[in-house]
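Asks: First, the structure itself, so that you have it in front of you.
The values are calculated or read from the model by the stated rules, or taken from the named source; none is laboratory data. These numbers come from a predicted model, not from an experiment. In this analysis, Cβ positions are derived from the backbone assuming ideal geometry, glycine residues included, and neighbour counts consider all displayed protein chains.
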Amino acid sequence: MSEIARIIAETFRAEHGKVIGALVSHLGDLDLAEDVLQDAMITALETWERDGVPQNPAAWMTTVARRKAIDRLRRDKTFEQKQQELQWQADLGHPDAMEFDERPIPDERLTLIFTCCHPALALDAQLALTLRTLGGLTTPEIARAFLVPIPTMNQRITRAKNKIKHAGIPFEIPPAQRVPERLDAVLHVLYLIFNEGYAATEGDDLIRHELCAEAIRLARILVELLDQEKNLEPDAEALGLLAMMLLHDARRAARVDANGEIVLLEAQDRSLWNPRAIQEGVALLDRAMELRAPGPYQIQAAISALHAQAKTFLETDWTQIAALYGQLAFLEQTPVINLNFAVALGMARGPLVGLMTMENLQLGDALQEYHLYHAARADLLRRAGEVDAAREAYQRALNLAQTRAERAFLTRRLESLEPRA
């Protein structure tokens, strides 16, 4: 890759959401915005080799892309209908693009986030569209991340764009009084993207680093834009979500060994944890708690902070973690949260308490096809000395696990148990 091509690629990845947002705000057409940005990148490759890289590459691309949109609309004989909406009369003379290097790009990314996560769109479409428009990921990259065929992912993205166009979904930040309800969808999408990266549900690898990094980047953008938007206030849950992501991701380097095999929390080398990410995550959590608007993401961040700040596994405050999971279960009564609550109780008060809690909450009925339920139950049984029952639970977890790393870990657990008499 040439130096110019590298700069173009870096600009595209770093500024994609901002440029697309600026284009869509004028065009009102996501497909057209993406097409003309691709054209502008080709023009940049040709022009920058000859004339040098402009001072503001993103602004240059935006200006060129807007002009290409005008040219395309003119050819399609729709320019007269669009001209008043676009308000680009000043650009019609096609002056030298270099004159526009310093022209700031209006930051429409917050509007773009709310559009991509509109409740009228299906959740899988929200996920795909957010990664495509704000993250700049290609359709093959998104398909690979979620382990679906490229044509399937392409159909999801196309349907989402058509829904926005034909249903007249407005490209706008909703009124301030409606932001909280719409923000929940945005946070949920970012949470799901991070979760799929942090603990992949299928494939060879436990961690998909690119998805974790993209979720953190998008959450950081969201927090910054909410801070800057004069009609909105900082959101405690947005801060809590970013804090949770950073605190989880801080342990990434220690979660697998050199061979990609799982390393449990109790055996992780804590010197590999990222102290900067932990410090930033705790600071964000403190800021969120000052807003006095508690919520599930803040609680999860607080749990992760207790793990991250424990100097050794034995110093982990499991009693406090169990209490926090109890609060989380009160807010969101789901079987998986109840499972985490039972495991935390088992760590705080002994494995038999954890097993009794699982039974009392009837988790076996709700999570019969969830491999982590059987793995957690097997671990508590192993700690309680119930080797045969632990073996059966580990085998059930192994039969259900989808990632190579998890299957390898469960196989090692089974092999480590005492042989049958």
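Asks: Filter the stretch 252-263 for residues that are closer than 19 Å to Gln309 by Cα and either modelled with pLDDT of 95 or more or among the small types (Gly, Ala, Ser) (or both) and give the result. If you could, list the steps in order and put the result at the bottom.
Replies: Pass one, the stretch 252-263, residues closer than 19 Å to Gln309 by Cα: 252-255, 263.
Residues satisfying the conditions are Ala253, Ala254.
Asks: Select from the stretch 327-355 the residues that are closer than 16 Å to Ala384 by Cβ and outside any helix (DSSP H, G or I) and list them in ascending order.
Replies: Gly350
Each row is one residue, and each column tells you yes or no for (1) of a type in the set (Asp, Glu); (2) touching a Leu at 6+ places or on another chain (Cβ under 8 Å); (3) modelled with pLDDT of 85 or more.
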{"site": "Asp39", "(1), (2), (3)": "yes, no, yes"}
{"site": "Gln81", "(1), (2), (3)": "no, no, no"}
{"site": "Gln84", "(1), (2), (3)": "no, no, no"}
{"site": "Ala90", "(1), (2), (3)": "no, no, no"}
{"site": "Thr115", "(1), (2), (3)": "no, no, yes"}
{"site": "Pro119", "(1), (2), (3)": "no, no, yes"}
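Asks: Any chance you could count how many residues in the stretch 146-192 are closer than 22 Å to Asp31 by Cα and part of a helix (DSSP H, G or I)?
Replies: Residues meeting the conditions: 19.
Asks: Here is a further query. Pick from the stretch 376-421 the residues that are in contact with a Lys or Arg (Cβ under 8 Å, 6 or more places away or on another chain) and of a type in the set (A, V, I, L, M): which of them is surrounded by the most Cβ atoms within 10 Å (Cβ to Cβ)?
Replies: Ala378
Asks: Right, here's the next one. Would you mind telling me which numbered condition in (1) surrounded by 13 or more Cβ atoms within 10 Å (Cβ to Cβ); (2) under 25 Å from Arg6 (Cα atoms); (3) over 24 Å from the mean Cα position of the chain (by Cα); (4) modelled with pLDDT under 85 Leu73 fails?
Replies: Of the numbered conditions (1) surrounded by 13 or more Cβ atoms within 10 Å (Cβ to Cβ); (2) under 25 Å from Arg6 (Cα atoms); (3) over 24 Å from the mean Cα position of the chain (by Cα); (4) modelled with pLDDT under 85, the odd one out for Leu73 is (2).
Asks: Within the stretch 339-361, track down each residue that is closer than 24 Å to Gln402 by Cα and either out of contact with any Ser or Thr (no Cβ under 8 Å at 6 or more places or on another chain) or surrounded by fewer than 20 Cβ atoms within 10 Å (Cβ to Cβ) (or both).
Replies: Of everything in the stretch 339-361, those that are closer than 24 Å to Gln402 by Cα and either out of contact with any Ser or Thr (no Cβ under 8 Å at 6 or more places or on another chain) or surrounded by fewer than 20 Cβ atoms within 10 Å (Cβ to Cβ) (or both) turn out to be Leu339, Asn340, Val343, Met358.
Asks: Among helices (runs of 4 or more DSSP H) lying entirely in the stretch 356-421, which contain 1 or more residues that are closer than 17 Å to Glu266 by Cβ and either modelled with pLDDT of 95 or more or charged (D, E, K, R) (or both)?
Replies: Result: 371-383, 387-400, 404-416.
Asks: Okay, next question. In the stretch 137-190, how many residues are under 22 Å from Arg217 (Cβ atoms) and acidic (Asp, Glu)?
Replies: Final tally of qualifying residues: 2.
Asks: Still on this structure, I have one more. Is it fair to say Gln177 is within 19 Å of Glu237 (Cα to Cα) and of a type in the set (S, T, N, Q)?
Replies: Values: within 19 Å of Glu237 (Cα to Cα): yes; of a type in the set (S, T, N, Q): yes.
For Gln177, the condition - within 19 Å of Glu237 (Cα to Cα) and of a type in the set (S, T, N, Q) - is met.
Asks: For Leu265, which of the numbered conditions (1) closer than 26 Å to Ala408 by Cα; (2) out of contact with any Phe, Trp or Tyr (no Cβ under 8 Å at 6 or more places or on another chain) fails to hold?
Replies: Here Leu265 clears every test but (2).
Asks: Somewhere in the stretch 173-192, is a residue among the acidic types (Asp, Glu), surrounded by fewer than 18 Cβ atoms within 10 Å (Cβ to Cβ) and at pLDDT 85 or above? Outline the logic, then answer.
Replies: So in the stretch 173-192, the residues among the acidic types (Asp, Glu) come out as 181, 184.
From what's left, surrounded by fewer than 18 Cβ atoms within 10 Å (Cβ to Cβ): 181, 184.
So of that shortlist, the ones also at pLDDT 85 or above come out as 184.
Yes - at least one qualifying residue is present in the stretch 173-192.
Asks: From the list Ala405, Ala366, Ala344, pick out the single residue that is small (Gly, Ala, Ser) and under 26 Å from Ala243 (Cα atoms).
Replies: Ala344 is the lone residue from the list that is small (Gly, Ala, Ser) and under 26 Å from Ala243 (Cα atoms).
Asks: Ser25 - would you say it is over 18 Å from Thr139 (Cα atoms), surrounded by 15 or more Cβ atoms within 10 Å (Cβ to Cβ) and among the polar types (S, T, N, Q)? Break it down stepwise before answering.
Replies: Values: over 18 Å from Thr139 (Cα atoms): yes; surrounded by 15 or more Cβ atoms within 10 Å (Cβ to Cβ): yes; among the polar types (S, T, N, Q): yes.
In short, yes.
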